[in-house]
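Visitor: Let me begin by handing over the structure; questions about it come next.
Here, each number is a calculation from the coordinates, and none is a lab measurement. Since the structure is predicted, the reported quantities are computational estimates derived from the model, not experimental observations. All Cβ positions, even for glycine, are placed from backbone atoms using ideal geometry, and neighbour counts span all protein chains on display.
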Amino acid sequence: MFNPILLEAHNPSPMTGRGNNTYLIAGRDGTAMLIDAGVGDTRHLAEIDRQLAAHGVRLARVLVTHGHADHASGAPALAAAHPDATFAKYPWPEEDARYDVEWQSLADGQILASGDESLAALHTPGHSPDHVAFWHEPSRTAFTGDLVVAGSSVMIHWSRGGNLAEYLASLERLLALQPRWLLPAHGPRVDDPAALLSGYLEHRRMRERQVIAALQAGHATVQAIAESIYDGLDPALMAAACENVRAHLEKLRAEGRASADAGRWTRAG
Ligand SMILES: [Zn+2]
């Protein structure tokens, strides 16, 4: 029975919620794989050690869903504690260089194994260009990084390589796998993936209609559109909301449905 061990990264914040989830998969060959590196918090490192000892395994591989700091910045601390472990992610060269470890490059469809447990890497860009999910076929479990957060939505950071059209395609790809469970990097396990993913796709269509309505109402800047849509938002999250709005506007521009001139956006097409 597939039993990934949830280990919290101990990094709560407005952007990470209660903090990141990382998952340890112990194989029967004495090795283990860790999904996401956390931030190097000493409690996280100690809990990893405790679980490795309890299962009689050593950390062989750290798989990182994407290069955002809450998922990747713990890699050097893990490398120091586990000198034999390898680190792998889908390449994003300018971001990967921020973390002082030797990254192995993951490719879409690549299979990664610890003993009889194996995962397939699925390139699922959009939240970031390098995002991958990890798919455990026998249990139909997907480790989904930042593709979804139950009870919340995912920020698409346009200025840091986010792409809404790619993100929607990644959600569709995940939905088509007919997963039984999703294990996200933030928030609880998702027990009804089809409902959640369909809801996410519908939520983005609704946001797109709101952005179009805001343009039609004469809101012309990203900030004005964001304020008209995210009324009453925690100010700490407004910068991220603007990134989301920009991602929607860029999708509309790519589709010929909006245009921009000197930072002022208008409806087109
Ligand atoms: Zn992220």
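Visitor: Over the Cα atoms of segment 1-76, what is the Rg over Rh ratio if Rh follows Kirkwood?
Guide: Dividing the radius of gyration by the Kirkwood radius yields 0.97.
Visitor: Residues of segment 23-61 with amide nitrogen under 18 Å from the 7 Å Cα-to-Cβ point of D84?
Guide: Output list for this probe position: 25-34, 48-61.
Visitor: Most mobile of A236, A60, A113 per a Gaussian network model of the chain (Cα springs, under 10 Å)?
Guide: So, out of A236, A60, A113, the one fluctuating most is A236.
Visitor: How big, in percent, is the set of alpha carbon pairs in the chain lying more than 27 Å apart?
Guide: For the chain, the share of Cα pairs beyond 27 Å comes to 39 percent.
Visitor: Binning at 5 Å from 0, report for segment 37-123 what percent of all alpha-carbon pair distances ends up in each bin.
Guide: Over segment 37-123, the share of Cα pairs per 5 Å bin runs 3, 14, 24, 25, 20, 12, 3, 0 percent.
Visitor: May I ask which residue of L201, A77, V101 lies farthest towards the positive end of the charge dipole of the chain, with charges of +1 (Lys, Arg) and -1 (Asp, Glu) on Cβ and the Cα centre as origin?
Guide: Comparing the listed Cα positions along the dipole, L201 ranks first.
Visitor: Okay, next question. What's the extension gain from R140 to T266 if we count 0.36 nm per residue and subtract their Cα-Cα distance?
Guide: Gain in length upon complete extension: 41.0 nm.
Visitor: Let me ask something else about it. Nearest 5 is fine: what % of DSSP beta bridges in the chain come out antiparallel, could you say?
Guide: Expressed as a percentage, antiparallel bridges in the chain total about 60.
Visitor: What span do the alpha-carbon atoms of segment 78-237 cover on each of the three principal axes, reported in whole Å from largest to smallest?
Guide: 58, 35, 25
Visitor: If you don't mind, another one. What nm value, rounded to one decimal, do you get for the distance between F2 and A107 when each label is placed 7 Å out toward the C-beta?
Guide: 2.3
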